[in-house]
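S.K.: Below: one structure in structure tokens.
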Amino acid sequence: MDYIIIFIAAVFVNNIVLAQFLGVCPFLGVSKKVDTAVGMSAAVMFVLTIATIVTFLIQKYILDEFGLGFMQTISYILVIASLVQMVEIVLKKVSPSLYQALGVFLPLITTNCCILGVAILVIQKNYNLMESVVFAISTSIGFALALIIFAGIREQLAMTRIPQALQGTPIALITAGLLAMAFMGFSGVV
């Protein structure tokens, strides 16, 4: 039952982008096309899940064991940067078109505060390894859901007549705000 509550809370109630405002840079930058949003979501899902597992193990078995808690942030950043480099190399070989579409945003996963935030949140919430994995996967699903919905809306907005003053970033921010308000409707669920 705890895993279901963690899942629902991470995907809908405490959505990492729309409620906690982590990972907003790729949310706004990669959301112009649904295809690109799906690719970015998959990359974030992989990096987020693996990074959470590795950083959890590093925290519990190295940092806590030897009293090196002050090294948490720097060690987490090194793990995340290594994983992003691995994803970048694999995408370059497997899907060059997706690699080109993601462009500068793929290396920016390294500095995506959503990934570092989740790695730190699982420690702060005192989750065990299984709860941490469920939280990481759920958070990445919530990120993907928000990103893909937003990309779909932006594709539709590109085909509509919008006043000159609202075209581009202004309408994107208004849409993101409305989407965040829509997700607030889930706040009483958990």
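The values are calculated or read from the model by the stated rules, or taken from the named source; none is laboratory data. Just so it is clear, the structure is predicted and the values come from calculations on it, not from any experiment. Every residue, glycine among them, receives a Cβ derived from its backbone with ideal geometry; neighbour counts consider all protein chains shown. When the accessible area is computed, the model is the full protein with side chains, heavy atoms only, and any ligands, DNA or RNA have been set aside. Shrake-Rupley method; radii C 1.70, N 1.55, O 1.52, S 1.80 Å.
S.K.: What relative contact order, as a whole-number percentage, does the chain give when Cα pairs under 8 Å and 6 or more residues apart are counted?
M.R.: Values: 208 pairs, mean separation 83.7, N = 190.
After rounding, I find 44 percent.
S.K.: Can I ask one more? Can you find, among Gln20, Ile5, Leu68, the residue farthest towards the positive end of the dipole of the chain? Put +1 on the C-beta of Lys and Arg, -1 on that of Asp and Glu.
M.R.: It is Gln20, whose Cα lies furthest towards the positive end.
S.K.: What's the magnitude of the charge dipole for the chain around its Cα centre, counting Lys and Arg as +1 and Asp and Glu as -1 at the beta-carbon? Answer in Debye, nearest 20.
M.R.: Details: 8 positive and 7 negative charges, 105 e Å.
Charge dipole of the chain: 500 debye, to the nearest 20.
S.K.: Working with all protein chains in place, sort Asp35, Asp64 by solvent-accessible area computed with a 1.4 Å probe, largest first. Write out the running numbers ahead of the final one.
M.R.: On the way: Asp35 125, Asp64 80 Å².
From most accessible down to least: Asp35, Asp64.
S.K.: One quarter of the convex hull surface, Cα atoms only: what value does that give for the range 1-127 in nm²?
M.R.: Values: hull surface 33.2 nm².
With the hull built on Cα positions only, its mean projection is 8.3 nm².
S.K.: Per-residue accessible area for Leu145 at 1.4 Å probe radius, Å² rounded to 10?
M.R.: My reading of the accessible area for Leu145 is about 60 Å².
S.K.: Å³ per residue of the Cα convex hull, for the range 61-139? Kindly include the intermediate steps, with their values, before the conclusion.
M.R.: Values: hull volume 8.6 nm³, N = 79.
That works out to 108 Å³ per residue.
S.K.: Related question: Can you work out ³J(HN,Hα) from phi for every residue in the range 20-26, in order, using Karplus 6.51 cos²θ - 1.76 cosθ + 1.60 and θ = phi - 60°, giving whole Hz and x for Gly and Pro?
M.R.: With the stated coefficients, the range 20-26 comes to 9, 6, 9, x, 6, 4, x Hz.
S.K.: Here is a further query. Span-like helices, the chain: DSSP H, alpha-carbon axial extent 27 Å or more, mean Kyte-Doolittle -0.5 or greater, which ones?
M.R.: Details: long enough: 34-58 (35 Å, 2.05); 72-94 (33 Å, 1.40); 129-158 (43 Å, 1.55).
Helices meeting the span and hydropathy rule in the chain are 34-58, 72-94, 129-158.
S.K.: How much accessible surface does Lys32 have with a 1.4 Å probe, in Å² rounded to 10?
M.R.: 130
S.K.: Okay, next question. Which pairs in the list Lys33/Lys93; Lys60/Lys125; Lys60/Lys92; Lys32/Lys125 are over 24 Å apart, alpha-carbon to alpha-carbon? Can you show the working numbers first?
M.R.: Numbers: Lys33/Lys93 22 Å; Lys60/Lys125 14 Å; Lys60/Lys92 34 Å; Lys32/Lys125 34 Å.
Among Lys33/Lys93; Lys60/Lys125; Lys60/Lys92; Lys32/Lys125, the Cα-Cα distance tops 24 Å for Lys60/Lys92; Lys32/Lys125.
S.K.: So for the chain, taking the charge dipole from beta-carbon charges (+1 Lys/Arg, -1 Asp/Glu), which of Ser82, Pro163, Val30 sits furthest toward the positive end?
M.R.: Final value for the positive-end residue is Pro163.
S.K.: For the range 112-182, what is the convex hull (Cα atoms) projected area averaged across all directions, in square nanometres? Before the final figure, lay out the partial values.
M.R.: Values: hull surface 23.1 nm².
With the hull built on Cα positions only, its mean projection is 5.8 nm².
S.K.: For the chain, give the percent of accessible area contributed by carbon and sulfur heavy atoms, probe 1.4 Å, rounded to a whole number. Spell out each step's value before the answer.
M.R.: Numbers: 6930 of 9870 Å².
Answer for the chain: carbon and sulfur cover 70 percent of the accessible area.
S.K.: Rank these residues by their accessible area, most exposed first, probe 1.4 Å: Val47, Val133. If you can, show how the numbers build up before the last one.
M.R.: Details: Val47 0, Val133 30 Å².
Most to least solvent-accessible, the answer reads Val133, Val47.
S.K.: If you don't mind, there's one more thing I want to ask. Restricting to DSSP H runs of at least four residues, report the calculated mean residue ellipticity at 222 nm for the chain, -39500 (n - 2.57) per run over all residues, nearest 500 deg cm²/dmol. Spell out each step's value before the answer.
M.R.: Values: 8 runs with 126 residues, N = 190.
Value at 222 nm, helices only, nearest 500: -22000 deg cm²/dmol.
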